[in-house]
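The values are calculated or read from the model by the stated rules, or taken from the named source; none is laboratory data. Computed from a prediction, not measured in an experiment: that's the story for all the values here. Here the Cβ is made from the backbone with ideal geometry for all residues, glycine too, and neighbour counts use every protein chain on show. Surface accessibility is based on the protein's heavy atoms, side chains included, excluding ligands, DNA and RNA. Shrake-Rupley method; radii C 1.70, N 1.55, O 1.52, S 1.80 Å.
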Amino acid sequence: MKIAIGLDIGGTNTKTIIASENGEILLSSKNPTPAVMEKNKDKIQNQLVNNLKDFLNEPSAKKVISEASEISGIGIGVAGLIDRKLGRIIQSPNMPAINGIALKELFEKEFSLPVTVENDANAYAYGEKWVGAGKGLDNFIVLTLGTGLGGGLIYKGRLYEGPMEVGHMTIVPSGRYCTCGSSGCLESYASGRAIVDRAISSLEKGTESLLSKCCDGNIYKITPEIVFEKALDGDSLSREIFREVGQFLGIGIANLINLLGIDAVIIGGGLIGGWDMFIEELSKEAQKRAFKLLSTDVKILKSTLSKNGGSIGAAGLLFSSLAGVSDQKAS
Ligand SMILES: [Zn+2]
């Protein structure tokens with residue numbers, strides 16, 4: 001059995017898996033992404049490489065590797081705009097410290113294995129088509145709700161190799177500042193970053209909320225997970241924040257339905273646990289705005305790959321590139 005390593009370098013954590021050729025996850029692990037705290041490029045590169053070396057040196061990984069016929073390579077998904085051919089990061093709005101890093105060259109040199117690099121949400125979309133909720137569907141978009149908001153498109157059964165920076169379409173003219181340099185981007189209204197920003201700005205204005213008592217009173221330590229917890233506890237500000245996320249996602253999705261004529265929208269990413277808090281508002285908004293003819297049969301699905309979508313998709317893309325089937329349908 002052939003195996004591949006899948007790496008998903010996100011704005012908060014880096015997920016590492018070993019996947020079989022059939023898309024089965026044999027082993028997985030999670031580390032904080034070095035670029036979140038570290039700003040020095042050399043140190044970030046060393047840490048990315050060392051984290052993978054440590055993972056591969058663990059007894060459980062050694063066992064999986066010893067039982068495999070070969071390690072086919074390393075597939076990497078990374079949050080940001082990438083140069084697919086060179087396997088280089090052009091611009092990562094939420095992790096500017098990694099801009100310019102040539103991941104393909106770095107990992108090929110260190111591990112002497114074939115390496116592919118793709119945008120994390122594109123990799124996620126491929127994962128959904130390969131072994132997830134998109135199996136059997138040929139036209140769908142995947143939105144990844146994490147630190148940022150990513151997008152990936154499967155068009156006519158294949159991964160569309162464009163940027164698909166769904167999170168950076170303008171939704172509100174002169175709206176909130178965005179890390180990409182523009183303002184009013186969808187991501188500034190529907191992402192982990194947006195949830196935290198929205199919570200802090202409301203609390204600064206004196207809105208009453210259970211959130212003001214969390215983190216030992218330091219509201220600048222609020223995380224999207226904490227807002228979710230408080231929403232579950234019935235906190236009205238936290239609930240309102242998630243409803244807003246749903247509303248803005250719905251607007252974005254209506255635009256995408258009108259543009260792309262897709263059969264489904266699959267929503268995944270690290271914050272998918274909050275699904276129940278935003279899905280009603282999202283569906284209502286999307287149906288209200290999109291052309292009826294185009295939107296009636298569109299399914300809004302929850303990812304089945306959850307937190308491993310990016311890494312499993314990255315591993316799948318590696319297998320696919322080696323098989324020379326990158327321009328063929330994923331089976
Ligand atoms: Zn933006």
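Take residues that are open to solvent by less than 40 Å² (accessible area, probe 1.4 Å) and closer than 25 Å to Thr147 by Cα and tell me which of the helices (runs of 4 or more DSSP H) falling wholly in segment 225-331 contain 3 or more. Spell out the reasoning first.
Working: elements: 236-260, 275-289, 292-295, 309-322.
Hits in segment 225-331: 236-260, 275-289, 309-322.
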**Message:** Tyr177 - would you say it is more than 21 Å from Gly10 (Cβ to Cβ), more than 16 Å from the ligand (Cβ to nearest atom), open to solvent by 80 Å² or more (accessible area, probe 1.4 Å) and within 22 Å of the chain's Cα centre (by Cα)?
**Reply:** no
**Asked** Could you give every pair whose Cβ atoms fall below 6 Å, whose first residue belongs to segment 35-64 and is touching a residue at least 24 places away in the same chain (Cβ under 8 Å), and whose second residue is open to solvent by 70 Å² or more (accessible area, probe 1.4 Å), counting only separations of at least 6 or pairs across chains?
**Response** Val49/Glu110
**Message:** Condition check: open to solvent by less than 10 Å² (accessible area, probe 1.4 Å), at pLDDT 95 or above, in contact with a strand residue (DSSP E or B) (Cβ under 7 Å, 6 or more places away or on another chain) and assigned by TED's automatic domain parsing to the domain that holds Val115. Does Ile76 satisfy that?
**Reply:** yes
**Request:** Report, ordered by the first and then the second residue, all pairs with beta carbons closer than 6 Å, sequence separation of six or more or different chains, a first member in segment 164-183 that is of a type outside the set (D, E, K, R), and a second member that is near the ligand (Cβ under 7 Å from one of its atoms) and not in a loop (DSSP other than H, G, I, E, B).
**Result:** Gly167/Glu187; His168/Cys185; Cys178/Cys185; Cys178/Ser188; Cys180/His168
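Considering only residues that are of a type in the set (Gly, Ala, Ser) and free of Cβ contacts under 8 Å to residues at least 40 places away in the same chain, look in segment 109-149 and name the one that is nearest to Gly324 (Cα to Cα).
Keep residues of segment 109-149 that are of a type in the set (Gly, Ala, Ser), which gives 112, 121, 123, 125, 127, 132-134, 136, 146, 148.
Within this subset, residues satisfying the condition of being free of Cβ contacts under 8 Å to residues at least 40 places away in the same chain are 112, 136.
Working: Ser112: 20, Gly136: 21 Å.
Result: Ser112.
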**Prompt:** Which members of segment 81-108 meet the condition of being away from the ligand (no atom under 16 Å from the Cβ), open to solvent by 60 Å² or more (accessible area, probe 1.4 Å) and without any contact (Cβ under 8 Å) to a residue 24 or more places away in the chain?
**Reply:** Lys85, Leu86, Glu105, Glu108
**Request:** Determine whether Glu128 is open to solvent by 30 Å² or more (accessible area, probe 1.4 Å) and acidic (Asp, Glu).
**Result:** no
